[in-house]
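Structure record follows, encoded as structure tokens.
Any read-out appearing in this document is the output of simple, stated calculations on the displayed coordinates, not a laboratory observation. If you're wondering where the values come from, they're calculated on a predicted model, not measured in any experiment. Ideal geometry is used to build each Cβ from the backbone, glycine not excepted, and the neighbour counts take in all protein chains shown.
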Amino acid sequence: MQDFRKLNVWQASRQLVKELYRLTLTLPREEDFGLRTQMRRACVSICSNIAEGCGRRGDREFRRYLDVAMGSACELECELVLCADLQFMEEAQQRDVFERLVEIKRMLSGLIRQLRLQKPRPEKAES
């Protein structure tokens, strides 16, 4: 088990959550239970799955949670594209969040690749 707070990808995803929460406040009121909620849940899911994976048994389970985090990142990317299509965000705002998200996806990919290449650690026994 490792401290997820020390992972750069978790720190970056945490910062993205804070930025995205501020940004989604500008979405139209009718999106309270639509894109706003969905985008926030996907964004929180990225850092939550990184953290949860750190607490699991062994690298294989950690990788599985990183894969889920990657799926949430792709979901958020789709929702950002939809916001742009619907003209819910200014282009500069959307571009900044998108660039941060792409960097997080690169970091996740690198970590997943690193875990696949290293010798697997044995799974921890249930206590």
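Of all the stretches in the chain, which is the longest one without any exposed loop site, taking GluC sites (Glu not before Pro) in a DSSP loop (any state but H, G, I, E, B) with at most 16 other Cβ atoms within 10 Å?
On the way: sites that count: 90, 123, 126.
The reported range is 1-89.
Exactly which chymotrypsin sites (Phe, Trp or Tyr not before Pro) in segment 14-78 are in a DSSP loop and have at most 13 other Cβ atoms within 10 Å?
On the way: sites: 21, 33, 62, 65; in loops: 33.
Those satisfying the criteria are 33.
Would you work out which of 88, 58, 45 lies farthest towards the positive end of the dipole of the chain, given +1 charges on the beta-carbon of Lys and Arg and -1 on that of Asp and Glu, about the Cα centre? Value computed over the given set: 58. Candidates 71, 2, 25 compared by Cα position along the dipole of the chain: farthest toward the positive end lies 2, with charges placed on Cβ.
With a Förster radius of 35 Å applied to the C-beta separation of residue 95 and residue 60, the computed FRET efficiency comes to 0.45. The overall shape of the chain, judged from the alpha-carbon gyration tensor, is prolate: a/c is not under 1.5, and a/b is greater than b/c.
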